[in-house]
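Take a look at the structure set out below.
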Amino acid sequence: MSRFEDLTVWRSAKALAVSSYRATDRFPKAEEYGLKSQIRRAAVSVPTNIAEGSGRYSKKDFVRFLRIARGSLSELESLLMVAIELEMLDRASGGELSAQARQVGRMLSGLIRSISG
């Protein structure tokens, strides 16, 4: 397995997590333990699961963690839609984050296919 830091998908997922944290800085104080926290946990789960999977001893385990990361990414995309709808995120910022998420999703799907192949 590769070191996770060398994986383009991990670097992109980490950038998405950082962007998500920055975007939620402006959320209302009342959302500290609500939507803000959920977005941050889902976002950071993506690169974390990629990293954990890359440290496993089998391709099967790695793919399992990549699929978990893909699930967290779907959760993040759903939460971003809610945040946009509630006007906690403006459409431009939310759209950028969603585009980043879709790109990471394509990369994850491709990596899963190439390992499972």
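The values are calculated or read from the model by the stated rules, or taken from the named source; none is laboratory data. These numbers come from a predicted model, not from an experiment. Virtual Cβ from ideal backbone geometry, glycine too; neighbours counted across all protein chains shown.
If you go through the range 81-111 and keep only what is among the β-branched types (Val, Ile, Thr) and within 12 Å of residue 16 (Cα to Cα), you end up with just 104.
Report yes if some residue within the range 68-80 is among the hydroxyl-bearing types (Ser, Thr, Tyr) and within 19 Å of residue 114 (Cβ to Cβ); otherwise report no. No: zero hits. From the set of residues in the range 1-39 that are among the basic types (Lys, Arg) and crowded, with 19+ Cβ neighbours inside 10 Å, which is farthest from residue 78 (Cα to Cα)? Ranking the qualifying residues of the range 1-39, first place goes to 14. Residue under question is residue 71, and the condition is that it be surrounded by 13 or more Cβ atoms within 10 Å (Cβ to Cβ), free of Cβ contacts under 8 Å to residues at least 12 places away in the same chain, within 11 Å of the chain's Cα centre (by Cα) and in a helix (DSSP H, G or I); does it hold? Yes; evaluated as a whole, the condition is true for this residue. If the condition is being modelled with pLDDT of 95 or more, over 16 Å from the mean Cα position of the chain (by Cα) and of a type in the set (Lys, Arg), then the range 74-117 contributes only 113. Restricting to the range 7-37, and then to whatever is at pLDDT below 95 and in a helix (DSSP H, G or I), can you tell me which residue is nearest to residue 88 (Cα to Cα)? Per the stated criteria, the residue is 31.
When the range 76-93 is filtered for residues that are under 12 Å from residue 35 (Cβ atoms) and either assigned to a helix (DSSP H, G or I) or touching a Lys or Arg at 6+ places or on another chain (Cβ under 9 Å) (or both), the ones remaining, listed by number, are 76, 78, 79, 80, 81, 82, 83, 84, 85, 88, 89.
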